[in-house]
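Asker: Attaching a single structure in structure tokens format; questions to follow.
None of the figures in this text is laboratory data; all of them are computed from the coordinates on show. Keep in mind that what you see is a predicted model, and the values were worked out from it rather than measured. Don't worry about glycine lacking a Cβ; one is built from the backbone with ideal geometry, like all the others, and counts go over all protein chains shown.
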Amino acid sequence: MYDTLISAEQLQQLQASGKPFMVFDCSFDLMKPEAGAQQYATAHIPGALYANLDTDLSAKHGAPGAHGEVVVAQEDGVPASGGRHPLPSREKFAAWLSSIGFANDMQAVVYDRNGANYCGRLWWMLKWMGHDAAAVLDGGLQAWQAAGGEVTGREEPARFQSNFVAGESIAKLVTTETVLRRLGQPDQNLIDARAGARYRGEVEPLDPIAGHIPGALNRPFADNIGPDGKFKPASQLRAEFEALLAGRDAATVVHQCGSGVSAVPNLLAMQIAGFGTTALYAGSWSEWSNTPGLPTRQGAEP
């Protein structure tokens, strides 16, 4: 079983093994939401299914500039988080997994073309559903092609529906209420994965308020990736997070970003580094900054 990373060579071995697995292409572009599907249609790993961040991996919501006024259909359930990319209910996500033929005995392999920025979302959501056999293709599609892996632009055939059954979550999800209640306490240490300029409030292209949650540390998600496009070695990641935390307890870490998506590479990197399972605030800055009365801070932390 692969539960964090899988290399291109290991995926090739998995393809030849006859074991049940499914590959997902999660490529996306926040500024051009249609781009990921277009890239998938041009070139993807044979057999891979496209998982769209907006429609498959998020619930509809009413955040400004997104889906506008939204009435949640009863069968969809209440979204599991707020923000610009709310998590769908576990029931709705399980129904989607069943509809595409993903089963509980399958290994999931997720990838993108974006430095693991988007595929980490699906990796985390599968853990949230209790499915541990989920791994990120290290280096993404670029590493696959560099290793001689085939790509295709063909339309993939539909799969028979399965009956995916959600299990007990092996991921940690926290809410705005929890983050607020623990703000400034030693049992919570926030790590913000946005670029430094957004964290400091120098620019804000998407949300109504610039800045960050008071006390949050900053580690841009791209810092986890080495010059070769793959995750840095576990020992290097561990040293970098230890330096960032400066003695704080790694078990208290809560990851966030703008909308709960690009925070996941930090969470995955901490798991690769041997820190275990840390928490995700999926609503992130987009939910925090749209909630009246919550404290914000600009500039660097003291």
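Asker: Report the extension gain between GLU204 and VAL151 in nm, rounded to one decimal, defined as 0.36 nm multiplied by the number of residues separating them, less their alpha carbon distance.
Answerer: Values: separation 53, 0.36 × 53 = 19.08 nm, distance 3.67 nm.
Taking GLU204 through VAL151 to full extension adds about 15.4 nm, to one decimal.
Asker: Per DSSP H run of at least 4 residues, take -39500 (n - 2.57); add these up for the chain, divide by its residues and hand me the 222 nm value, nearest 500 deg cm²/dmol. Don't skip to the answer; put the middle values down first.
Answerer: On the way: 10 runs with 82 residues, N = 302.
The helix-only estimate for the chain comes to -7500 deg cm²/dmol at 222 nm.
Asker: Sticking with this structure for a sec: In nm, give the distance between the simple-model label positions of ALA251 and ILE170, each being 7 Å from the Cα along the Cα-to-Cβ direction.
Answerer: 1.9
Asker: Additional query: So what is Rg over Rh here for segment 95-231, counting just Cα atoms and using Kirkwood for Rh?
Answerer: Working: Rg = 18.6 Å, Rh = 18.0 Å.
So for segment 95-231, dividing Rg by the Kirkwood Rh gives 1.03.
Asker: To continue, here is another question. Just to check, using Stokes-Einstein with a Kirkwood Rh over alpha carbon pairs, what's the diffusion coefficient of segment 80-145 at 37 °C and 0.692 mPa s in µm²/s?
Answerer: Numbers: Rh = 12.8 Å.
My calculation gives 257 µm²/s for D.
Asker: With r defined as the distance between the Cβ atoms of THR55 and GLN161 and R0 fixed at 25 Å, what FRET efficiency is calculated, to the nearest 0.05?
Answerer: Working: r = 18 Å, r/R0 = 0.73.
Plugging the Cβ-Cβ distance into 1/(1 + (r/R0)^6) gives 0.85.
Asker: Same structure again: Using the crude model of +1 on Lys and Arg Cβ and -1 on Asp and Glu Cβ, and no other charge, please compute the dipole size for segment 144-231 relative to its Cα centre, in debye to 20.
Answerer: Details: 10 positive and 12 negative charges, 38 e Å.
Rounded to the nearest 20 debye, it is 180 debye.
Asker: Separate question: Place the peptides 235-244, 152-161 in order of packing, highest mean first, counting for every residue the other Cβ atoms within 10 Å and averaging per peptide.
Answerer: On the way: 235-244: 15.7, 152-161: 10.2.
For the peptides 235-244, 152-161, the packing ranking is 235-244, 152-161.
Asker: Something else now. Would you be so kind as to identify which of ALA116, GLN185, ALA35 lies farthest towards the positive end of the dipole of the chain, taking Lys and Arg as +1 and Asp and Glu as -1 on Cβ and the Cα centre as origin?
Answerer: Projecting each Cα onto the dipole axis, the largest value belongs to GLN185.
Asker: Per 0.36 nm of contour for each residue apart, how much would the distance between LYS19 and THR291 grow if the chain were fully extended, relative to their Cα-Cα spacing?
Answerer: On the way: separation 272, 0.36 × 272 = 97.92 nm, distance 4.63 nm.
Here the answer is 93.3 nm.
Asker: Then there's this: Please work out the FRET efficiency for the pair ALA43 and ALA243, using the Cβ-Cβ distance as r and a Förster radius of 35 Å; give the result to the nearest 0.05. List each step's numbers first, then the result.
Answerer: Numbers: r = 38 Å, r/R0 = 1.09.
Efficiency at R0 = 35 Å is approximately 0.35.
Asker: When N counts the residues of the chain, how does its alpha-carbon radius of gyration compare numerically with 2.2 N^0.38 Å, as a ratio?
Answerer: On the way: Rg = 18.6 Å, N = 302, 2.2 N^0.38 = 19.3 Å.
Cα Rg divided by the expected 2.2 N^0.38 Å: 0.96.
Asker: Averaged over every viewing direction, what's the projected area of the C-alpha convex hull for segment 5-146? Give it in nm², one decimal, please.
Answerer: Values: hull surface 34.1 nm².
Result: 8.5 nm².
Asker: If you don't mind, there's one more thing I want to ask. For the chain, just give the cysteines left without a disulfide-compatible partner, judged by no other Cys Cβ under 4.7 Å.
Answerer: Taking the Cβ cut-off of 4.7 Å, the unpaired cysteines of the chain are CYS257.
Asker: Mind putting a number on the dipole of the chain about its Cα centre? Charges go on the C-beta only, +1 for Lys and Arg and -1 for Asp and Glu, and I need it in Debye to the nearest 20. Before the final figure, lay out each step's value.
Answerer: Values: 23 positive and 32 negative charges, 77 e Å.
Charge dipole of the chain: 360 debye, to the nearest 20.
Asker: Could you point to the residue in THR278, PRO233, TRP288 farthest towards the positive end of segment 172-288's charge dipole, with +1 and -1 charges on the Cβ of Lys/Arg and Asp/Glu respectively?
Answerer: In segment 172-288, that residue is PRO233.
Asker: Still on this structure: Which of LEU57, LEU206, LEU173 moves the most in a Gaussian network model of the chain with Cα springs under 10 Å?
Answerer: Of the options given, LEU206 has the highest mean-square fluctuation.
Asker: Okay, next question. Assuming R0 = 25 Å, can you tell me the calculated FRET efficiency for the pair GLU9 and SER235, based on Cβ-Cβ distance, to the nearest 0.05?
Answerer: 0.70
Asker: Now, a different point. What is the helix-to-structure angle for 119-128, meaning the angle in degrees between its Cα long axis and the longest Cα principal axis of the chain, kept from 0 to 90 and rounded to the nearest 10?
Answerer: Roughly 90 degrees between the two axes.
Asker: With viscosity set to 1.306 mPa s at 10 °C, what whole-number translational diffusion coefficient in µm²/s follows for segment 172-288 from Stokes-Einstein and a Kirkwood radius over Cα pairs? Before the final figure, lay out each step's value.
Answerer: On the way: Rh = 14.2 Å.
Reported coefficient: 112 µm²/s.
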